[in-house]
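The values are calculated or read from the model by the stated rules, or taken from the named source; none is laboratory data. Please read all numbers here as calculations on a predicted model, not as lab measurements. Methodologically, a virtual Cβ is constructed for each residue, glycine included, from the backbone with ideal geometry; neighbour enumeration extends over all protein chains shown.
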Amino acid sequence: MTDLLCKLFVTDHQNTSDPRVRQRYGTMVSIVGIVLNLLLAAGKFTAGLLFGAISIQADAVNNLSDAGSQIISLVSFRIAARPADRAHPFGHARIEYVASMIVSFIILIVGWELLSESFSKVLHPVTTKFSWVSVAVLAVSVLAKLWLFLFNRKVGKKIDSSVMRATATDSLSDAGATLAVLIATLIYKFTGLDIDAYMGILVALLILWGGVKILNETKNSILGEGPSQETVAEIQSVVNQYEGVLGVHDLVVHNYGPGRIMASLHAEVDGKVDIFKSHDMIDQIERRLRTQCGIEATIHMDPIVTDDPLVDHLHALALESVHQIDQRLKIHDFRIVPGHTHTNLIFDVQAPFELSMSDEELRRALSEKIQAAEPQCFAVVTVDRS
């Protein structure tokens, strides 16, 4: 069903890196969500009012808020598709993160209102009337919300959309909440036990939980997350295919929204190779990252010494020293500055954020180990956390 809708309503649907194609996907998904949620809200409001079921009315309000969220998504996709301009040189794709946060706030407000209303009914009970019409409306709603969950999740993965992932999470929690209301309705029918208000509370808590989860995920995107392992592996795979690259380090990835990834890295090359040849290779790598991976990369070229016995010996000493401290440590940008009285070993140490030692403690420990092995050598260390 999802594939059929994509083929029918999204022109050039396979070219998901094109902002215009992403907008078409967003428009299609948003319109489907708006129409379906409005139909569900109308059905539940009618059933809830006719038979005095607060939990069904609460679920209807939730569907109404979902329709509003889809409208926000629709607007965000239109803005995200705008090209870069002087005020926004990296484009407008991050507006999707803002839209996701707005959706999460709407969900939280609705959840709180429903929680308050359900508590009120616990304190002041109102008789609920059973109807198979209500059961049918709720059953259809559960199936519709499960389909919306699968629909948004699949398209969200296809175009890497945080708004659709948020909507998918919301749809799944809605399906669970509506299922709880359906169970309460059937329990009342066959046992006479009216737990409608308590199920209303459960529905509200599920809605609040979904809102908090979306808010947390969106907060991480706005603050800036580390690149995914897949993105790092993809960049390293492309760069390492070139024989002239002897090592890669200081990789930094900035995500300005789907399809707006900027990266910078250092590529080590043999210092004896003609600089124009190495520079041409770096240009080729940058071009390939842009065309093949959709990543705008800036690569700094680091010439290194590859055939000096003294440099090789001291490099091995530095590497052994860092591994004695922690096997996860790596070194790069290694060079030596010989002098009459001592030799400086200048290098960077790549350390994980989880390493318990402070930068100063790590520098001191390395200096002690290197001087213990080579008293005339001093370590000048820069620590990179990654």
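Can S120 be described as small (G, A, S), surrounded by fewer than 16 Cβ atoms within 10 Å (Cβ to Cβ) and over 34 Å from the mean Cα position of the chain (by Cα)? When the stated conditions are applied, S120 passes them.
Only one of the numbered conditions (1) without any contact (Cβ under 8 Å) to a residue 24 or more places away in the chain; (2) more than 30 Å from the chain's Cα centre (by Cα) is not met by A53, and that is (1).
Any chance the range 330-344 includes a residue that's assigned to a loop (DSSP other than H, G, I, E, B) and touching a Phe, Trp or Tyr at 6+ places or on another chain (Cβ under 6 Å)? Yes, the conditions are met somewhere in the range 330-344. The single residue among L64, L74, L5 that is of a type in the set (A, V, I, L, M, F, W, C), out of contact with any Ser or Thr (no Cβ under 7 Å at 6 or more places or on another chain) and closer than 18 Å to D170 by Cα turns out to be L64. For the range 230-261, the set of residues classified as touching a strand residue (DSSP E or B) at 6+ places or on another chain (Cβ under 7 Å) and assigned to a loop (DSSP other than H, G, I, E, B) consists of G244, V245, L246, Y256, listed by residue number. Only one of the listed residues (D3, D66) is without any contact (Cβ under 8 Å) to a residue 12 or more places away in the chain, on the phi < 0 side of the Ramachandran plot and in contact with a helix residue (DSSP H, G or I) (Cβ under 9 Å, 6 or more places away or on another chain). That residue is D3. Restricting the range 312-326 to residues that are surrounded by fewer than 17 Cβ atoms within 10 Å (Cβ to Cβ) and under 27 Å from Y242 (Cα atoms), the residue that is farthest from the chain's Cα centre (by Cα) is H313. Quick check on my filter: what residues within the range 345-381 are free of Cβ contacts under 8 Å to residues at least 40 places away in the same chain and assigned to a loop (DSSP other than H, G, I, E, B)? Of everything in the range 345-381, those that are free of Cβ contacts under 8 Å to residues at least 40 places away in the same chain and assigned to a loop (DSSP other than H, G, I, E, B) turn out to be P352, F353, E354, L355, S356, M357, S358, P375, Q376. In the set R364, R287, R385, R328, only one residue is among the basic types (K, R) and modelled with pLDDT under 90; that residue is R385. Within the range 50-81, being among the aromatic types (F, W, Y) and over 20 Å from V135 (Cβ atoms) holds for one residue alone: F77.
Has the range 211-226 got at least one residue that is in contact with a helix residue (DSSP H, G or I) (Cβ under 9 Å, 6 or more places away or on another chain), under 14 Å from N62 (Cα atoms) and assigned to a helix (DSSP H, G or I)? Within the range 211-226 (the criterion being in contact with a helix residue (DSSP H, G or I) (Cβ under 9 Å, 6 or more places away or on another chain), under 14 Å from N62 (Cα atoms) and assigned to a helix (DSSP H, G or I)), the answer is yes, since at least one residue qualifies. Quick one: how many residues across the range 232-252 are without any contact (Cβ under 8 Å) to a residue 40 or more places away in the chain and within 27 Å of R20 (Cα to Cα)? Total meeting the criteria: 1.
For the range 82-92, the criterion of being of a type in the set (K, R) and more than 26 Å from V203 (Cα to Cα) is met by at least one residue. Residues in the range 262-298 that are without any contact (Cβ under 8 Å) to a residue 40 or more places away in the chain and assigned to a strand (DSSP E or B) were compared, and the one that is farthest from L246 (Cα to Cα) is E296.
Take the range 308-329 and flag every residue that is assigned to a loop (DSSP other than H, G, I, E, B) and in contact with a strand residue (DSSP E or B) (Cβ under 9 Å, 6 or more places away or on another chain).
Result: D308, D326, R328, L329.
Would you pick out the residues in the range 330-372 that are surrounded by 13 or more Cβ atoms within 10 Å (Cβ to Cβ) and of a type in the set (A, V, I, L, M)? I331, I336, L345, I346, V349, A351, L355, M357, L362, A365, L366, I370, listed by residue number. The lone criterion from (1) among the small types (G, A, S); (2) touching an Asp or Glu at 6+ places or on another chain (Cβ under 6 Å); (3) in a loop (DSSP other than H, G, I, E, B) left unmet by A84 is number (2). Looking at the range 77-87, can you tell me whether even one residue there is modelled with pLDDT of 75 or more, buried (at least 22 other Cβ atoms within 10 Å of the Cβ) and under 31 Å from the mean Cα position of the chain (by Cα)? Within the range 77-87, one or more residues are modelled with pLDDT of 75 or more, buried (at least 22 other Cβ atoms within 10 Å of the Cβ) and under 31 Å from the mean Cα position of the chain (by Cα).
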